[in-house]
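A short write-up of the structure that comes next.
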Amino acid sequence: MVGVRTHRFSLGIALGLLAVLVIGSGAIAVTSSQNVLNMCVEKGGRLLRTSSKSGACHTDERRISFTGNTGPRGPAGPAGPRGLKGETGATGPAGTNGTNGTNGTNGTNGVSDYETVTSAETRLEPGEYGEAAATCPAGKVAIGGGYFVSNATEALYGARLLRSYPYASRGESSWTAAVHNDNATDYITFSAVATCATTAP
């Protein structure tokens, strides 16, 4: 019957002894399970190697086991190199077209219903100054205007326009023209003119 001896050493001593035995004999059978070192030794003292996967010794051998203590945990190794950049993924499918929005409502007309309004004639003797105003119908606004001289052509050259402007008062809108007669001998007659229209509020 094969005797089995178990000797308890530190793992470093067992490894040193193993090295000596290998050098001396040239053959050793070692199986390890956790911190146990197993060797098969020929009864005559010579170390032999076994090919048994279970670690069992031959009938002419005896088994010697060395049990070592667990060593301290080694330091963490350095970080590995950064991996290569992955390939660009395939383009995703195109999205569906959105629905068309509804048409907006038509806006109201900003300006409409144009008409021209002319004031009554104003007579100016030579050297006189006067004003005339063309008033728009109710609900309409004067958006432009001016004046014109209605008597003889020669008198036209003596009419000097001083002011031309829109005017609003008490819900009425008008266009006023202020004229001076620069003629030395001829009178002039003139009228104010207003362009009136309905505007959006």
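Please determine, by comparing only the residues of segment 160-183 that are among the polar types (S, T, N, Q) and part of a strand (DSSP E or B), which one is modelled with the lowest pLDDT.
Narrowing segment 160-183 to residues among the polar types (S, T, N, Q): 164, 169, 173-174, 176, 181, 183.
Okay, now just the ones that are also part of a strand (DSSP E or B), so 164, 169, 173-174, 176, 181.
Working: 164: 97, 169: 89, 173: 96, 174: 97, 176: 97, 181: 95.
So the residue we want is 169.
Which residues, counting only those in segment 162-188, are hydroxyl-bearing (Ser, Thr, Tyr) and surrounded by fewer than 20 Cβ atoms within 10 Å (Cβ to Cβ)? It would help to see each step written out before you state the result.
So in segment 162-188, the residues hydroxyl-bearing (Ser, Thr, Tyr) come out as 164-165, 167, 169, 173-174, 176, 185, 187.
Matches in segment 162-188: 164, 165, 167, 169, 185, 187.
Residue 149 - would you say it is in contact with a helix residue (DSSP H, G or I) (Cβ under 6 Å, 6 or more places away or on another chain) and either outside the structural domain of residue 166 (by TED's automatic domain parsing) or not acidic (Asp, Glu) (or both)?
Taking the combined requirement at face value, the residue satisfies it.
Within segment 104-122, restricting attention to residues that are more than 15 Å from residue 166 (Cβ to Cβ) and modelled with pLDDT of 95 or more, which residue is surrounded by the most Cβ atoms within 10 Å (Cβ to Cβ)?
Checking each candidate, the answer is 122.
The values are calculated or read from the model by the stated rules, or taken from the named source; none is laboratory data. Keep in mind the model is a prediction, meaning the values are calculated, not measured. No Cβ is skipped: glycine too gets one built from the backbone with ideal geometry, and neighbour counts run over all protein chains shown.
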